[in-house]
Amino acid sequence: MSMIQEETKASVISVVKPPPSWVEWCERNAKPIERRLIKERRYLTRWQIPGPMKKAQWREFYEWAASRAMPKELPVPVKQPIPCVDKFLPCARKPRAIDPDEFQEKVAKLATPLERKMTPKHQYIYPVQPYSPIIVWGQPPLHDKGRPFKPPQKPCCFFNADIEDKWWAELRFPIRKAALKARITPRILSLSKPKITPQFPPHCYHPEHIYDVLNVKPPRRKKFTPQGWRLHQIRLLYLSKPVSRPEYEYFYM
């Protein structure tokens, strides 16, 4: 059995396999491309001459170039008068007259911002606090909870002034219980008194104003002390010297 299997294997190996499909494609595309260029016939223009030029033709060409190929002498341009000195035009035109009313309307229209860009201004509502003086120095005032009191309900009208005066005389305001038990401090007592201007007694001494200065004798002069005399001499020496300008002397002298 083993011999038969070996013979079958040898017979299978001896068979030649065909080359793969890509070998034919490589052999076909690996060769260089042969490009055939067809030479086109040349057609001369009316200014071209076939073949090299002869001496007579070159002589004729140079004669033509000497008269025709040289730069053309243009006539001198005539200077036109400038309408104005300014560099921009039209400057000779008169300025357009603008109506002042129309100009102000346009300015106001341009100065007004667009509605889509206008935002409402924030207005801070400050709390309404009643008058509460500083009772203790260095501490902020303490606002009472019950203030400001609600105003009394006043009738809409009175028949005469006597009835109105009687109503105000009989009106009584409610008194807080804390106010009945409070003790008056010197600070509250000073605040309850009306303010006197100018302050009395004065805060500091104010000398009397002298209206007739020439008739009043000046105060008696005092002699220099030794130190004051030395300082006075030093001051005079300093004031007698010329003003020094080092920057001026450095740049201009």
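A few points about this structure:
- Whether segment 96-225 is rounded, prolate or oblate, judged on the alpha carbon gyration tensor where a/c under 1.5 counts as rounded: oblate
- Computed label-point distance, nm, for sites Ala30 and Trp229 using a 7 Å Cα→Cβ extension: 12.9 nm
- Here r is the Cβ-Cβ distance between Arg220 and Ser244 and R0 is 30 Å; the resulting FRET efficiency, rounded to 0.05, is 0.15.
- Angle between the chain longest axis and helix 55-68 axis [Cα atoms, degrees, rounded to 10]: 20 degrees
- Convex hull projection area averaged over all views, the chain, Cα basis, nm²: 86.4 nm²
- Highest-fluctuation residue, Gln80, Gln139, Gln123 considered, GNM on the chain with Cα pairs under 10 Å: Gln80
- Cα-based helix-to-principal-axis angle, 100-111 vs the chain, degrees rounded to 10: 80 degrees
- Note on Gln48 and Lys72: with the Förster distance fixed at 22 Å, the Cβ-Cβ geometry gives a FRET efficiency of about 0.30.
- FRET efficiency estimate (nearest 0.05) - Cβ-Cβ, Asp165 to Val128, R0 22 angstrom: 0.15
- Acute angle (nearest 10 degrees) that the helix 2-13 long axis makes with the longest principal axis of the chain, alpha-carbon atoms: 90 degrees
Bear in mind these aren't lab numbers, they're just calculated from the coordinates by the rules spelled out. Here the structure is a predicted model, which means the values were calculated and not measured. Neighbour counts run over all protein chains shown; Cβ positions are idealised from the backbone, glycine included.
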